[in-house]
Every structure is written in structure tokens, then in C-alpha cells.
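The values are calculated or read from the model by the stated rules, or taken from the named source; none is laboratory data. Keep in mind that what you see is a predicted model, and the values were worked out from it rather than measured. Note: ideal-geometry Cβ built from the backbone for every residue, glycine included; neighbour counts use all protein chains shown. SASA here: full protein model, heavy atoms, side chains in, ligands and nucleic acids out. Shrake-Rupley method; radii C 1.70, N 1.55, O 1.52, S 1.80 Å.
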Amino acid sequence: MPRPLLIAPSILSADFARLGEEIRAIDQAGCDWIHVDVMDGHFVPNITIGPDVVRAIRPHTNKIIDTHLMIAPADPYLEAFAKAGSDIITVHAEAGPHLHRSLQTIRALGKKAGVSLNPHTPETIIEYVLDQLDLVLVMSVNPGFGGQVFIPAMVDKISRVRAMIGARPIHLEVDGGVTPSTAQLCTSAGADVLVAGSAIFKNGAYAANIAAIRHACAASPQA
Ligand code: DX5
Ligand code: ZN
């Protein structure tokens, strides 16, 4: 059965001075989720936003807020992001020694739990936490900045993660350098959620940019 393709614009590429308006615009432009990139200047070489910003954007959309934590440690902040209104909370496998515990904590807070893998991290790291997962996020750039170029070797990783997921109800999300040209590589390999920042927020044509990604993927078969 075909998996519905979900598009998650990354607000990292939004105009932060008009964030509420930007959230409403991508919501109305037909996105599925809102992807929030949280960076700490320690795990990644950039600093972005915290739970107060998630709380501030929450009233502007009813769509799923997909919170990508690029912070180490993550555990002390999980409750704050949950209370702020995140629906999915994703931690990096590389960000702490107790991934299983982090995922358990997220679910105990009533939220969906995700794990993200840096480009160099083998997918086998998720083997013993599959039962704790609602989402696997394959990074297709080195996390820290928008507007980077998609790493082609990640297509093979996406296929391998899809095989590991099997029939489990786990989303397979790809993040970084997703454009209409790279999107279909990801969905053909088995991704069902695509994050895109610069490709969606460029030139103000949000609905057309989202539609271009959907159209590119519709043309190719799913894994
Ligand atoms: C990178 C972030 C991504 C990024 C995507 O660290 O996790 O979500 O903003 O931006 P684009 O689509 O421009 O590569
Ligand atoms: Zn992200």
C-alpha cells in the first residue's frame, strides 16, 4: 500500500521576525508538519531556538510540530519541549549515552519519539530501540545549517532503514538538501516524510514550492 508523502517545512529558513505569520502561511500552503530545528552551539555549530519559541508558535497552527533537537544533552529539556506543545520530539543518537532512556522519556511525556542519525552514523544503531520509535530521521547533510547540498550516500542508508522498519508504524524522515531534484531519490528509497527549508521558503511561493516536491515524488515508485 502506498505511504502518503508528508512534507515538513523547516522554519529555520523562515523570517524569524514574522514567525507566527510564516507558520500560518506554510500551514495554508498545504504542508503536513511543521519542522522545528533546535540547535545549541555545542552539539552543532549554530544556535537557534528553544521551548519558548515552540510555545509561541503553537497557537498559530493545528498541524503536528516536529521538533528536531540538535542539542547535547537532550534529556534535561525533553519535558520543556513537550509542555511547550511539540507533538514529535527527535533526539540525535550521537547526543547522549542513553538513547533508549531518552526515547522512553519522550513517550512517557505523551509524545511521539524519534531518533536522528548524522550522516556518518550507521543505521544499525537503531536496531535495539525499534520498539521505542515512532520516527527515524536520516540526516542528509551535516546538521547545523540550512541550504546545504544533499549527500548522495544517504540514499542507501534510507533504503537500509526502510528495510529495518519493516511493517512497524515508524515514519522515515529525511532532512537536509531536499529539493524537487533530490526528493524523489528519498521517497524511492523508502522515505515518507521530507523536511525542506530553503526549497520551500525561497521566493515566497510556498504552495508552489511544496507542490513541486510532491509532484517530483509522485512520478517515481516507492520502495
Ligand atoms: C539542518 C536542519 C535542517 C535544515 C534543512 O541542521 O536540521 O532541518 O534546516 O534545510 P534545507 O532544506 O535548506 O537543507
Ligand atoms: Zn531538522
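Summary of values
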{"read-out": "Dipole magnitude of the chain, debye to nearest 20 (Cβ charges: Lys/Arg +1, Asp/Glu -1, about Cα centre)", "value": "340 debye"}
{"read-out": "Per-residue [θ]222 nm for the chain (sum of -39500 (n - 2.57) over DSSP H runs n ≥ 4, rounded to 500)", "value": "-9500 deg cm²/dmol"}
{"read-out": "Full-stretch length increase - HIS42, LEU109 - with 0.36 nm per residue and alpha-carbon distance subtracted", "value": "21.6 nm"}
{"read-out": "Residue-wise HN-Hα coupling along the stretch 171-176, computed from phi with Karplus coefficients 6.51, -1.76, 1.60 (Hz; x: Gly, Pro)", "value": "6, 10, 10, 10, 9, x"}
{"read-out": "Per-residue HN-Hα couplings for the stretch 107-118 [Karplus 6.51, -1.76, 1.60; θ = phi - 60°; Hz; x = Gly/Pro]", "value": "5, 5, 7, x, 10, 7, 10, x, 10, 10, 10, 5"}
{"read-out": "Karplus (6.51, -1.76, 1.60) ³J(HN,Hα), θ = phi - 60°, over the stretch 53-64, in Hz, Gly and Pro reported as x", "value": "6, 4, 4, 6, 8, 3, x, 8, 7, 9, 6, 5"}
{"read-out": "In nm, spacing of pseudo-spin labels at ASP75 and ARG168 (7 Å Cα→C-beta vector)", "value": "2.1 nm"}
{"read-out": "Computed E for HIS215/LYS63 - FRET, C-beta separation, R0 22 angstrom, nearest 0.05", "value": "0.60"}
{"read-out": "Taking the C-alpha atoms of the chain, convex hull volume expressed per residue in Å³", "value": "110 Å³"}
{"read-out": "For HIS92, distant residues with modelled amide H under 5 Å away", "value": "ILE71, SER116"}
{"read-out": "Where only alpha carbons of the stretch 39-157 are counted, the Rg and the Dmax (Å)", "value": "14.0, 39"}
{"read-out": "Average accessible area per residue (Å²) across the chain - probe 1.4 Å, nucleic acids and ligands excluded", "value": "43 Å²"}
{"read-out": "Whole-number percent relative contact order across the chain, with pairs defined as alpha carbons under 8 Å at least 6 apart", "value": "19 percent"}
{"read-out": "Options ILE106, ALA84, LEU130, ranked by Cα towards positive dipole end of the stretch 75-141, top entry (Cβ charges)", "value": "ALA84"}
{"read-out": "Accessible heavy-atom area order of SER140, SER159, highest first, probe of 1.4 Å", "value": "SER159, SER140"}
{"read-out": "Extension reserve of the HIS100-ARG55 stretch, reckoned as 0.36 nm per residue once the Cα distance is removed", "value": "13.6 nm"}
{"read-out": "Distance-filtered residues of the stretch 160-175 - backbone nitrogen under 15 Å, label point 7 angstrom along ASP131 Cα→Cβ", "value": "168-169"}
